[in-house]
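A.B. asks: The structure that follows is given in the form of structure tokens.
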Amino acid sequence: MQLLLWLFCSLFLSNISEAKAVKVKVIVDEDYPPYSYAVNGNPQGIYITLIRKAANLLKNDYDIQFEAMPWKRALKEIELGHAFAILPPYIHRQARPYIGPYSVTLLTERVVTVCHPNTYLPALLAPSNLDLKDFSNKKPLNVGINAGYLMFDDRYKALIKSGAIKIWENKSTQSNLQKLLEKKLDCYVNDSRAIQFNLAQMPSALDIKFVEVDEISRQTAHIGFSNSEHIKFAYKEDLINKLNQAILTIKAQYPEFKD
């Protein structure tokens, strides 16, 4: 009888403990290897591994779950308040007022432009050519970028406005690189590690040499938390504080998560 009572109490207390863990959904980019991507719907990548390890430290309080989807759709889900957080945006407070605050830094990424050899983008970017008069008779350069990404600085915005370069949004790093290989694009802008990782997975790229012509910026990647006016998350402040500390703890323990 005492054994049955002990088992009942153990199960009851276990259920209470499990019930305390609040389910939290984090939307992740499904096509941004090596950082965040999905294999048969299962999120993987450097950032996923990092946050999973951090989430394990919070498992008694929060059950953090991932859902992978295309980046533009992920941004819309956060804007509508359908999920608590998104992984891994750069900080763009003005362009994305529905995201805030941001977590501590996950990693720093180098945003670069790679091109076919001998494109005239370096000349376009030269300060002496800001009037663009020497390029008025040339065709616009076709520059690829992942859909929904915000990566251009004022130099590129001026070139886009002038018509000197034309931007093409494609679904993923791999689709952009494939179009670069097929010479449908002259250049492509993304994180340098993501570019090199994806090129290594493409046999057709082994004999092709692209040139890194520009470093646009160095951007820190984060978890962005919902600031949507459509829904309020009561646990927001507590979870952010605990998750930030957990991320810092994991980064200190594992060298692969250090810049």
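A.B. asks: Taking the options PRO127, PRO70, name whichever one is open to solvent by 10 Å² or more (accessible area, probe 1.4 Å), under 30 Å from ASP154 (Cα atoms) and touching a residue at least 40 places away in the same chain (Cβ under 8 Å).
C.D. replies: PRO70
A.B. asks: Name every residue in segment 137-193 that is of a type in the set (S, T, N, Q) and under 18 Å from SER204 (Cβ atoms), in order of residue number.
C.D. replies: Of everything in segment 137-193, those that are of a type in the set (S, T, N, Q) and under 18 Å from SER204 (Cβ atoms) turn out to be ASN170, SER172, THR173, GLN174, SER175, ASN176, GLN178.
A.B. asks: Condition first: of a type in the set (A, V, I, L, M) and open to solvent by 20 Å² or more (accessible area, probe 1.4 Å). Now tell me which residues in segment 148-162 satisfy that.
C.D. replies: Within segment 148-162, LEU150, ALA158, ILE160 meet the criteria.
A.B. asks: Answer yes or no: is there a residue in segment 202-220 that is within 30 Å of ASN56 (Cα to Cα), touching a Lys or Arg at 6+ places or on another chain (Cβ under 9 Å) and not hydrophobic (A, V, I, L, M, F, W, C).
C.D. replies: So far as segment 202-220 goes, yes, one or more of its residues are within 30 Å of ASN56 (Cα to Cα), touching a Lys or Arg at 6+ places or on another chain (Cβ under 9 Å) and not hydrophobic (A, V, I, L, M, F, W, C).
A.B. asks: Only one residue in ILE223, ILE247, ILE240 is crowded, with 19+ Cβ neighbours inside 10 Å, farther than 23 Å from LEU121 by Cα and out of contact with any Leu (no Cβ under 9 Å at 6 or more places or on another chain), so which one is that?
C.D. replies: That would be ILE240, the only listed residue that is crowded, with 19+ Cβ neighbours inside 10 Å, farther than 23 Å from LEU121 by Cα and out of contact with any Leu (no Cβ under 9 Å at 6 or more places or on another chain).
A.B. asks: Of the conditions (1) over 30 Å from ASN56 (Cα atoms); (2) touching a residue at least 40 places away in the same chain (Cβ under 8 Å); (3) open to solvent by less than 40 Å² (accessible area, probe 1.4 Å), GLN174 satisfies every one except a single condition; which number is it?
C.D. replies: For GLN174, the exception is condition (3).
A.B. asks: Kindly list the number of the only condition in (1) surrounded by fewer than 20 Cβ atoms within 10 Å (Cβ to Cβ); (2) within 30 Å of ILE208 (Cα to Cα) that fails for VAL111.
C.D. replies: Going through the list (1) surrounded by fewer than 20 Cβ atoms within 10 Å (Cβ to Cβ); (2) within 30 Å of ILE208 (Cα to Cα), VAL111 breaks only (1).
A.B. asks: When the residues of segment 77-108 are narrowed to those that are among the polar types (S, T, N, Q) and in contact with a helix residue (DSSP H, G or I) (Cβ under 9 Å, 6 or more places away or on another chain), which ends up most open to solvent (accessible area, probe 1.4 Å)?
C.D. replies: Among them, the one singled out is THR105.
A.B. asks: With GLU256, GLU169 as the choices, which residue is of a type in the set (Asp, Glu) and over 21 Å from THR113 (Cβ atoms)?
C.D. replies: Testing whether each residue is of a type in the set (Asp, Glu) and over 21 Å from THR113 (Cβ atoms) leaves just GLU256.
A.B. asks: Among all residue pairs at least 6 apart or on different chains, which show Cβ distances below 7 Å where the first residue, located in segment 208-234, is of a type in the set (Phe, Trp, Tyr) and the second is open to solvent by 40 Å² or more (accessible area, probe 1.4 Å) and in a strand (DSSP E or B)?
C.D. replies: PHE225/PRO101
A.B. asks: From the list ILE64, ILE46, exactly one residue is open to solvent by 40 Å² or more (accessible area, probe 1.4 Å) and touching a residue at least 12 places away in the same chain (Cβ under 8 Å). Which is it?
C.D. replies: None of the others qualify; the one that does is ILE46.
The values are calculated or read from the model by the stated rules, or taken from the named source; none is laboratory data. Only a predicted model underlies this, so the values are computations on that prediction, with no experimental measurement involved. Reconstructed Cβ throughout: ideal geometry from the backbone, glycine too, with neighbour counts over all protein chains shown. Only protein heavy atoms, including side chains, enter the accessible area calculation; ligands, DNA and RNA are left aside. Shrake-Rupley method; radii C 1.70, N 1.55, O 1.52, S 1.80 Å.
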